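Trainee: Okay, handing you the structure first.
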Amino acid sequence: MRDAGVRRDVGVAIGDDGRILAIAPDRELRAQFPKATEIDCAQGVLTPGFVDSHTHAIFGRSRHAEQEMRAAGVGYMEIAKRGGGIHSSVRDLRERSEDDLVMLAAERLARLAAHGSTTIEVKSGYGLSLESELRTLRVIRRLAQDLPIRLVPTFLGAHEIPLEYREAPRSREDYIAVLIDEMIPAVAKDSLARFCDIFCEPGVYTPAEARRVLGAARAQGMALKLHADELEHAGAAELAAEIGATSADHLAAVSELGIQALANSGTVATLLPGTMLFLGRNKQAPARAMLDAGCAIALASDFNPGTSPTVNFPLILTLGVSQLRLSVAEAFIAATVNGAAALGLAGEVGQLAPGFSADLALFDVRDHREIPYWYGDQRCVATWLRGRPGYAPKRLSH
């Protein structure tokens, strides 16, 4: 991960099928492809489009009041008692139409894409009922068809235990039965999700419950992800490695045993430094220890209304360097190649190499190390998906 493969004074040739044909000095490309249309990148930095492998982009209103409550010392459980937290987003989403959610999410995804992301994973999880979860996944499908972004849908019906299942006669066991017997089969029947995720954390779902839910999802043909060891260690990283999950995400409270388990597995460790920053937590995931152990690390935004409302992926790179102590090369690989691996797309996106999809982002800088350096700034000037223009804050010359 220490070699980002930076090349200078080259161009990228893209075929009619939207895949990269060659990367070479301009004069060589002009000789090889004399009829090609040229786009002048003005000596900027061209990168693989960022792969944001963890977002919760389908929601209604913001939860800005909670930030001030946390600053005043109000804890997570107290915020929930006052009507905030995930359940406030659940109440809000259940009242919204599919068209309303499409409109809200399209604008937010455009903002994410305008900062250089071309592949974005999007989770359900603010419905927590069969009808609302299916509606959310249909929204993601519509957006994937309409927007110039590659979207990867994930079913997260196990984001929380719904409030209506927290008191007798209904119980958490009843909701887990709904997940396994109703929701997962319905999602699989219509091929609405590529992944199934679960929030495995003390106070939410136990490892034993996660094993049952994810086992049911695997039986229905879905790949697996886990929200793992975010705030407290629960053995979720070890579980992710054991069951062959594609990724284990968060990991700020991962144990040494969890690190070793991930290092010895094919599970990608997806780190979300924006979340811990926004929550005001001092403890980030132990990225350096994970790298030293041999873990494959990805970076993602965790874009969501409660704990990481940022659309700025280059800011996540900044945090990867300044908070997780990654080198710039390590941060870039975590945001591209390894982000793709966290979505099972490592052979398709995340690299500028012949045969890969021409998913590109162009930045108005002269050195790739400037992208995380100018933190919070909008330096992305254009993106392409499969060689076709995506979101371009500025117009480029041809």
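Trainee: Within 10 Å of each residue's Cβ, count the other Cβ atoms and sort R194, R7 from fewest upward.
Mentor: Taking fewest neighbouring Cβ atoms as first place, the list is R7, R194.
Trainee: Next up: Work out the FRET efficiency for A22 and M1 from their Cβ-Cβ distance, taking R0 = 22 Å, and round it to the nearest 0.05.
Mentor: Once rounded, the FRET efficiency stands at 0.30.
Trainee: Something else: Find the all-direction average of the projected area of the Cα convex hull for the chain, expressing the result in square nanometres with one decimal place.
Mentor: Taking the Cα atoms of the chain, their convex hull projects to 18.7 nm² on average.
Trainee: Just how large is the dipole of the stretch 331-388 about the Cα centre, in debye to the nearest 20, putting +1 at every Lys and Arg Cβ and -1 at every Asp and Glu Cβ?
Mentor: 100
Trainee: Here's another thing I want to ask about it. In the stretch 61-149, which trypsin sites (Lys or Arg not before Pro) are in a loop and have at most 15 other Cβ atoms within 10 Å, using DSSP for the loop call? Let's see the in-between values first.
Mentor: Numbers: sites: R61, R63, R70, K81, R82, R91, R94, R96, R108, R111, K123, R135, R138, R141, R142; in loops: R61, R63, R82, R96.
Qualifying residues, ordered by number: R61, R82.
Trainee: Let me ask another. Mind sorting H115, H54, H64 by how few other Cβ atoms lie within 10 Å of their own Cβ, fewest first?
Mentor: H64, H115, H54
Trainee: If you don't mind, another one. How fast does the stretch 211-354 diffuse by Stokes-Einstein, in µm²/s, taking the Kirkwood radius from C-alpha pairs at 37 °C and 0.692 mPa s? Walk me through the intermediate numbers first.
Mentor: On the way: Rh = 15.2 Å.
In µm²/s, the coefficient is 217.
Trainee: Suppose every Lys and Arg Cβ carries +1 and every Asp and Glu Cβ carries -1, with no other charges. What dipole size does the chain come out with about its Cα centre, to the nearest 20 debye?
Mentor: 680
Trainee: How would you rank 353-365, 30-42, highest first, on the average number of other Cβ atoms within 10 Å across their residues?
Mentor: 353-365, 30-42
Trainee: Take the alpha carbon atoms of the stretch 36-94, find their center, do the same for the stretch 111-183, and report the distance between the two centers in whole angstrom.
Mentor: Result: 15 Å between the Cα centres.
Trainee: Also, I was wondering about something else. Between the stretch 240-259 and the stretch 287-354, how many Å separate their Cα centres?
Mentor: Using only Cα atoms, the two centres lie 16 Å from each other.
Trainee: Can you compute the modelled spin-label distance between S62 and E348, with each label point 7 Å from Cα toward Cβ, in nm?
Mentor: Computed distance between label sites S62 and E348 equals 3.3 nm.
Trainee: Let's test the formula: R0 of 45 Å, r as the Cβ-Cβ distance of S171 and K35. What FRET efficiency results, to the nearest 0.05? Intermediate results must be reported in sequence, preceding the final value.
Mentor: Working: r = 67 Å, r/R0 = 1.49.
After rounding, the FRET efficiency stands at 0.10.
Each reported figure results from applying straightforward, stated rules to the coordinates on display, with no laboratory input. Since the model is a prediction, treat every value here as computed from it, not as a measurement. With ideal geometry, Cβ positions are generated from the backbone for all residues, glycine too; neighbour counts draw on all protein chains shown.
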